[in-house]
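Computed from the coordinates by the stated procedures, all read-outs in this text should not be read as laboratory data. Computed from a predicted model, the values in this text were never measured in an experiment. No Cβ is skipped: glycine too gets one built from the backbone with ideal geometry, and neighbour counts run over all protein chains shown.
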Amino acid sequence: MKLTSGYKAFWDAAHKHYPTQIQPKGHLDMGVAIGSVLNADDSDRFVRPSERVWMSTIYPWIFDKRRTKIGALALTYKGLILLKTPFDLALYPRLIWELQPRTILELGSYQGGSGLWLSDQMSVLCEMPGEVHSFDLYVKCVHENARAHPLLNFHHVDLSDVSTFDQDLLMRLPHPWLVIDDAHVQIFSIFSYLNRFMTPGDYYVVEDNPVNVNREIIDGFQLIEDSGFLIDTYFTDAFGTNVTCAPNAWLRKS
């Protein structure tokens, strides 16, 4: 598992060069923590949506109610608005590094802060940086600083009407894909449409909407399961069960 490679490298180096310090009470003694990672059984990492409950260990947006007035400024990146929880800001870099996406599709641009952040993450973490394509109806709200990033592209699209997507563009964008739906508009119609262009190994993350479980969400996730997507519990449960703005919605096409 690529995500544990750093743990294994440290474990091997410590045992080879400092065997006494890796023992209990040694300066490098993290045996329980490292061993639990290296020996973890990840056979149940990918699960069907129908096998999961919708509970969360904590509500990930609780920080939004407890922040100070100064702390509210943390919801920015390079001065632009970035509306993601601290948990998800920690999770996306892990996925980008493991997946090495050639294309990131962002549904919902807002001011462009999240697209700018994703583009910077891609440029640092990917061996072959690709492109980020962000889609929104209100593209005139996108800041010029976001538009200036060489990997970032903004597209005027009415997300309530999938026919406004550029099909030729989607067909030529290289894989793997990471699709992030942060638009909250016709999420399952858009999913069904974009799924036509996706290939095994691509990821699809649905932010926010799954927090409010209702009949539409339950039926929609049955559609997702029937389309061959599995929940990647490494991301949904990294900080506790479904401690993310996308509970049960870090999805990998099988």
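General remarks:
- Pairs of Cα atoms in the range 189-254 fall into 5 Å distance bins, from 0 up to the last occupied one, in shares of 4, 18, 29, 27, 16, 6, 0 percent.
- Which of ARG252, ARG147 has the fewest Cβ neighbours within 10 Å, and the rest in rising order: ARG147, ARG252
- In this label model, VAL47 and TYR138 are separated by 3.7 nm, measuring between points 7 Å along each Cα→Cβ vector.
- Residues whose placed amide H lies under 5 Å from that of ILE180, excluding near-sequence neighbours: LEU105, GLU106, LEU107, VAL205
- Exposure proxy ranking, count of Cβ atoms within 10 Å, fewest first, for LEU83, LEU159: LEU83, LEU159
- Largest-first ellipsoid semi-axes for the chain, taking √(5λ) over the Cα gyration tensor eigenvalues, angstrom: 33, 22, 20
- From least to most packed, judged by other beta carbons within 10 angstrom and beginning with the fewest, HIS133, HIS15 follow the order HIS15, HIS133.
- 5 angstrom amide H check on THR241, placed H, neighbours 5+ away: THR57
- Proximity of backbone amide H atoms, modeled 1.01 Å from N, is registered between ILE81 and GLY113 at under 5 Å, excluding neighbours fewer than 5 places apart on the same chain.
- Span from the the range 184-204 Cα centroid across to the the range 159-175 one, whole angstrom: 11 Å
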